[in-house]
1. Would a scan of the stretch 183-190 turn up a residue that is surrounded by 15 or more Cβ atoms within 10 Å (Cβ to Cβ), within 20 Å of the chain's Cα centre (by Cα), touching a residue at least 40 places away in the same chain (Cβ under 8 Å) and in a helix (DSSP H, G or I)?
2. Condition first: buried (at least 24 other Cβ atoms within 10 Å of the Cβ) and assigned to a helix (DSSP H, G or I). Now tell me which residues in the stretch 191-206 satisfy that.
3. Residues being among the aliphatic types (A, V, I, L, M) and surrounded by fewer than 22 Cβ atoms within 10 Å (Cβ to Cβ): count how many of those fall in the stretch 217-235.
4. Taking PHE185 as the residue in question, decide whether it is touching a Leu at 6+ places or on another chain (Cβ under 9 Å) and not small (Gly, Ala, Ser).
5. Would you pick out the residues in the stretch 239-253 that are assigned to a helix (DSSP H, G or I), open to solvent by 40 Å² or more (accessible area, probe 1.4 Å) and not small (Gly, Ala, Ser)?
6. Which one is farthest from GLY203 (Cα to Cα), of the residues in the stretch 143-168 that are open to solvent by less than 20 Å² (accessible area, probe 1.4 Å) and touching a Cys at 6+ places or on another chain (Cβ under 7 Å)?
Amino acid sequence: MIEIIMSVLEENALLAAFAVVGITVYISYTLSDKLTRGRLHGSAIAIIIGLILAYIGGIQTNGEKGLADIPMFAGIGVMGGAMLRDFAIVSTVFGASLSEVKQTGVRGFIGLLIGIFLQFFSGVFVALSFGYSDPVALTTIGAGAVTYIVGPVTGAAVGASSDVIALSIAAGVLKSILVMTTTPFAAKFIGLDNPRTAMIYGGVMGTASGVAAGLAATDAKLVPYGAMTSTFHTGIGCILCPSILFLITKALF
């Protein structure tokens, strides 16, 4: 019986991936509601569970793709790929009102640039404190602090080693989880209660997943606005980090 189930899962890997993710999300949101009363968003718990499963999958297979290295869970590698990820991010933005976006104007763009530069150099200085001095490594880890997508993009562009790229991804994932968990608590202190501040917040913080989950726990109506600018944060970061910011880092360090 077990062999039949495993065979069906292997032959329908993508459907199995949706089932696994669905069950994980259900458990995560139940834990969020019962244990934290929604203060720790279900998305944050789901990401933590996902990281644990990826670690277990990697240990079991000695592979590089975590749980996706197990044949019956291979569809997770497709479901978590760039195409579906980017589609999910872009689709989130469709709920935003164009009039609210226009009212944010220059302030949103300034917040976007401040966020990229501030987080990049925060990552660079953390890398320096841990003994890294090579501009390539510093740039890659700094880019990871911008987002976990910008890190590997930058690392590949400037020729970073795989272990440094892995560190950049880890830095971005940690930032994403911190943003998810702290946004609901910080919202009332920074006036995060309207579309304009949500757009500025998304531009400054950057991580699309972290901002979306944090805003969802604060006020679901704000999610499209934060997701919009945080998506631009990632895109502009992918342009600036391997070029201008790499040259600045090379000149300084």
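The values are calculated or read from the model by the stated rules, or taken from the named source; none is laboratory data. Note that the structure is a prediction, hence the values are computed from the model and not measured. Note: ideal-geometry Cβ built from the backbone for every residue, glycine included; neighbour counts use all protein chains shown. These accessible areas exclude ligands, DNA and RNA; they are computed on the full protein's heavy atoms, side chains included. Shrake-Rupley method; radii C 1.70, N 1.55, O 1.52, S 1.80 Å.
1. Within the stretch 183-190, one or more residues are surrounded by 15 or more Cβ atoms within 10 Å (Cβ to Cβ), within 20 Å of the chain's Cα centre (by Cα), touching a residue at least 40 places away in the same chain (Cβ under 8 Å) and in a helix (DSSP H, G or I).
2. Quick first cut of the stretch 191-206, residues buried (at least 24 other Cβ atoms within 10 Å of the Cβ) only: 198-203, 205-206.
Once the filter is applied, which keeps residues that are buried (at least 24 other Cβ atoms within 10 Å of the Cβ) and assigned to a helix (DSSP H, G or I), the stretch 191-206 yields ALA198, MET199, ILE200, TYR201, GLY202, GLY203, MET205.
3. Pass one, the stretch 217-235, residues among the aliphatic types (A, V, I, L, M): 217, 220, 222-223, 227-228.
Imposing the further condition that a residue be surrounded by fewer than 22 Cβ atoms within 10 Å (Cβ to Cβ) reduces the set to 220.
Counting residues in the stretch 217-235 that are among the aliphatic types (A, V, I, L, M) and surrounded by fewer than 22 Cβ atoms within 10 Å (Cβ to Cβ) gives 1.
4. On the way: touching a Leu at 6+ places or on another chain (Cβ under 9 Å): no; not small (Gly, Ala, Ser): yes.
For PHE185, the condition - touching a Leu at 6+ places or on another chain (Cβ under 9 Å) and not small (Gly, Ala, Ser) - is not met.
5. Initial filter on the stretch 239-253 (assigned to a helix (DSSP H, G or I)): 239-252.
Okay, now just the ones that are also open to solvent by 40 Å² or more (accessible area, probe 1.4 Å), so 239, 243-244, 247-248, 250-252.
If the condition is that a residue be assigned to a helix (DSSP H, G or I), open to solvent by 40 Å² or more (accessible area, probe 1.4 Å) and not small (Gly, Ala, Ser), then ILE239, ILE244, LEU247, ILE248, LYS250, LEU252 are the ones that fit.
6. THR154
Yes or no, residue by residue, for (1) open to solvent by less than 10 Å² (accessible area, probe 1.4 Å); (2) part of a helix (DSSP H, G or I); (3) among the charged types (D, E, K, R):
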site: GLY111; (1), (2), (3): yes, yes, no
site: VAL126; (1), (2), (3): no, yes, no
site: VAL136; (1), (2), (3): no, yes, no
site: THR140; (1), (2), (3): yes, yes, no
site: LYS175; (1), (2), (3): no, yes, yes
site: ALA212; (1), (2), (3): no, yes, no
